[in-house]
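Read the figures in this text as sums done on the coordinates, not as results from a lab. Predicted, not measured: the structure shown is a model, and the values here were computed from it. Here Cβ is always computed from backbone atoms with ideal geometry, including for glycine, and neighbour counts include all displayed protein chains.
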Amino acid sequence: MSETVEKKKRIFSGIQPSGNITIGNYYGALKNWTQMQDEYESIYCVVDLHAITVRQEPAKLRNKTRELVALYIATGLDPVKNIIYPQSHVRQHAELAWILGCFTYMGELNRMTQFKDKSAKNESNINAGLYTYPVLMAADILLFQTDVVPIGADQKQHLELARDIAQRFNHTLSDTFTIPEPYFGKVGARIMSLQDPTSKMSKSDANPNATLSLLDEPNILTNKIKRAVTDSVGVINYTNEQPGVKNLLDLYCCGTGDSIEEALAFFEGKNYGQLKASVAEVTVNELKPIQDEFHRLMKDKKYLDDIIHTNSERASFLAEKTLRKVKKKVGFIV
Ligand code: ATP
Ligand code: LTN
């Protein structure tokens, strides 16, 4: 009897090596990735081409890129089962981005809220790369015929644009790209700043107390959580009127795997101090093993460089298949 082996669906996602990875990046993206790696064929990229849309110090960028590869592995992503690599090692990203840029309207890019936010923060360097950033992101995704893209809620608009570009290309020049679907985790899709819980926790935040870095020492994590902004209500509710408390409950549930209802029942009658102590304990327990593994991996530069080179070649091989097809469709001699 013949057995049909179902082909695994493909995942692609990425994080910029542009600062200290936060617990928002972890719960919003990385942790979901580790939970999806058995079910999907997964490609995880360190998007260094995206990172230079904001000025970076070259030596720091190089270190951060290697560190992020190590962090991907330390959080539990298997570098043999999955493809883990830096974006700049696979030139097809930039090549496809140029072609897709010719299938993207300025009107669409003008509507991107991340561009508006980032240009407000970088007034002296509103460069064309920052503007066309979403086209490069579309190229990342479409290059691998990706089915599913696990991201935080802030990337929803970019993913919708990637779908529109793919559909436009397919309609104009016949079916070429798989249309990707977003995947958002149940909790943790939007972890907020500890100091301003109405804005998202961001690794480029200038205030270190606003973010929990994945590599913060346990006592630093605990102190930052203790200092998190709450409110004067004094009762632990999960509501938009109490964004600080809501964020702490999200952090608690991301760490324990509890539902919000379970957490609310657990904290009933307790005060904010107790909530913060529990969040700190859960966070330290979650991050400590990752930190230990990260520090171990960072000592083995050869291992990391081998992973980077082997995986970049694997990614390049897959990317070239799509790029060749695209070049043929647009009328280049291939
Ligand atoms: P930057 O501040 O440099 O723009 P960032 O912290 O927003 O960085 P990215 O590299 O842009 O991080 O995002 C990597 C992944 O982490 C994306 O999938 C993004 O949606 C997710 N992510 C970022 N911040 C959060 C957050 N606060 N909560 C949940 N997910 C997040
Ligand atoms: N734009 C994303 C990072 C990113 C990405 C991607 C995510 C670049 N390319 C492709 C998913 C798929 C961000 O800023 N978080």
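Count of the range 143-153 residues, restricted to those that are in contact with a helix residue (DSSP H, G or I) (Cβ under 7 Å, 6 or more places away or on another chain) and within 26 Å of residue 203 (Cα to Cα), is 4. Out of the range 106-134, which residues are of a type in the set (S, T, N, Q) and assigned to a helix (DSSP H, G or I)? Hits for the range 106-134 are 110, 113, 114, 119, 124, 125, 132.
Reported count of residues in the range 147-163, each being away from ligand 1 (no atom under 14 Å from the Cβ) and farther than 18 Å from residue 115 by Cα, is 2.
Against the conditions (1) in contact (Cβ under 8 Å) with a residue 60 or more places away in the chain; (2) within 21 Å of the chain's Cα centre (by Cα); (3) assigned to a helix (DSSP H, G or I), residue 146 satisfies every one except (3).
The set of residues in the range 214-253 being under 21 Å from residue 292 (Cα atoms) and of a type in the set (Asp, Glu) consists of 216, 217. Considering the range 200-217, the residues that are in a loop (DSSP other than H, G, I, E, B) and hydroxyl-bearing (Ser, Thr, Tyr) include one that is farthest from ligand 1 (Cβ to nearest atom), namely 211. Residue under question is residue 52, and the condition is that it be more than 8 Å from ligand 1 (Cβ to nearest atom), surrounded by fewer than 23 Cβ atoms within 10 Å (Cβ to Cβ) and of a type in the set (A, V, I, L, M, F, W, C); does it hold? Spelling it out, residue 52 is indeed more than 8 Å from ligand 1 (Cβ to nearest atom), surrounded by fewer than 23 Cβ atoms within 10 Å (Cβ to Cβ) and of a type in the set (A, V, I, L, M, F, W, C). Only residues that are within 17 Å of residue 52 (Cα to Cα), within 11 Å of ligand 2 (Cβ to nearest atom) and in contact (Cβ under 8 Å) with a residue 40 or more places away in the chain were counted in the range 112-137, giving 5.
Considering each of 197, 182 in turn, give the residue that is within 12 Å of ligand 1 (Cβ to nearest atom) and part of a strand (DSSP E or B). Just a single option satisfies the conditions, and that option is 182.
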